[in-house]
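Please read the structure below before turning to the comments.
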Amino acid sequence: MNKAVFFDRDGTINNLVYRGENCQIAGKKVRFTAPWKFSELRIKAGIVPFLDRLGQKGFLRIIITNQPDLEYKLLNIIEHKKITRFLKKMPVDDIYVCPHGRNRKCLCRKPKPGMILDAVKKWKINLRESFFIGDSLTDIQVGKNVGCKTIFIQKKTEDECSKADFNIKSIFEAEEIVFSTRKSS
Ligand SMILES: [Mg+2]
Ligand SMILES: [Zn+2]
């Protein structure tokens, strides 16, 4: 059995993109979104060496991302594929994408566990030895739903602490947590 660190993508691996104060998507006001073009993709500094060290310690590194803007035609499939191709050149073992809108009843959209369960089957992952790192409450919910340890990156604008096992200010605090936490019994 393998252990894994599951990563959310936008706001965790790469920066969110600011769209101004009047941006609405599917009736919901949003100031920050996923990159809609490859040229908007900005990987957070220091992520690549962190991913390398996780690999050296025997963790699979798997990105689990909702991309509803595909369905809303804000992100076109060619740009999306360019972004995914770039991420696959990083020290990442696999990437799972839910392309469905917010109201679709798919089994993959976080906090539904579909993408993680697919990864578990393919990579033979022991979830009790695994972590989910993300910056949204849905990331924490999905991690908890499947029995991972959960690490919540607090956004700068929010002080709220989630129900995650660990709350951190920057993804780089995650490294010590992953390397020092023993598996739950
Ligand atoms: Mg996110
Ligand atoms: Zn889906």
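The values are calculated or read from the model by the stated rules, or taken from the named source; none is laboratory data. Not measured: the values here are computed from a predicted model. Here the Cβ is made from the backbone with ideal geometry for all residues, glycine too, and neighbour counts use every protein chain on show. Quick note on the areas: whole protein, heavy atoms, side chains included, nothing else; ligands and nucleic acids left out. Shrake-Rupley method; radii C 1.70, N 1.55, O 1.52, S 1.80 Å.
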| query | Looking at the range 64-91, which of the residues that are crowded, with 19+ Cβ neighbours inside 10 Å and assigned to a loop (DSSP other than H, G, I, E, B) is modelled with the lowest pLDDT? | reply | LEU75
| request: Look through the range 39-62, keep the residues that are touching a Pro at 6+ places or on another chain (Cβ under 7 Å) and assigned to a helix (DSSP H, G or I), and return whichever of them is surrounded by the fewest Cβ atoms within 10 Å (Cβ to Cβ). | output: ASP52
| In the range 98-110, is there at least one residue being within 16 Å of ligand 2 (Cβ to nearest atom), farther than 29 Å from SER39 by Cα and modelled with pLDDT of 95 or more? | yes
| Out of all the residues in the range 146-165, which are at pLDDT 95 or above and out of contact with any Ser or Thr (no Cβ under 7 Å at 6 or more places or on another chain)? | VAL146, GLY147, THR150, ILE151
| task | Could you tell me which numbered condition LYS155 fails, if it satisfies all but one of (1) within 15 Å of ASP8 (Cα to Cα); (2) basic (Lys, Arg); (3) within 16 Å of ligand 2 (Cβ to nearest atom); (4) open to solvent by 20 Å² or more (accessible area, probe 1.4 Å)? | result | (3)
| query | Mind checking which residues of the range 83-98 are in contact with a Lys or Arg (Cβ under 9 Å, 6 or more places away or on another chain) and either within 12 Å of PHE7 (Cα to Cα) or among the aliphatic types (A, V, I, L, M) (or both)? | reply | ILE83, LEU87, MET90, VAL92, ASP93, ASP94, ILE95, VAL97
| task | Six or more apart or on different chains, Cβ under 8 Å: which pairs go from a residue in the range 135-146 that's in contact (Cβ under 8 Å) with a residue 24 or more places away in the chain to one that's in a helix (DSSP H, G or I) and more than 16 Å from ligand 2 (Cβ to nearest atom)? Could you list them? | result | VAL146/VAL120; VAL146/LEU127
| field | Count - residues of the range 103-119 that are within 16 Å of ligand 1 (Cβ to nearest atom) and in a helix (DSSP H, G or I) | value | 2
| field | Residues within the range 2-38 that are at pLDDT 95 or above, exposed (fewer than 14 other Cβ atoms within 10 Å of the Cβ) and not in a strand (DSSP E or B), tallied | value | 0
| said: Checking HIS100 against (1) open to solvent by less than 20 Å² (accessible area, probe 1.4 Å); (2) in a loop (DSSP other than H, G, I, E, B), only one condition comes out false. Which one? | reply: (1)
| remark: Of the residues in the range 123-152, those that are part of a loop (DSSP other than H, G, I, E, B) and either hydroxyl-bearing (Ser, Thr, Tyr) or within 16 Å of ligand 2 (Cβ to nearest atom) (or both) come to SER130, SER136
| said: Pull out all pairs, ordered by first then second residue, where Cβ-Cβ is under 8 Å, the residues are six or more apart or on different chains, the first lies in the range 94-117 and is without any contact (Cβ under 8 Å) to a residue 24 or more places away in the chain and more than 19 Å from ILE83 (Cα to Cα), and the second is away from ligand 2 (no atom under 11 Å from the Cβ) and aromatic (Phe, Trp, Tyr). | reply: none
| query | Of the residues in the range 111-122, how many are in contact with a Leu (Cβ under 9 Å, 6 or more places away or on another chain) and away from ligand 2 (no atom under 11 Å from the Cβ)? | reply | 6
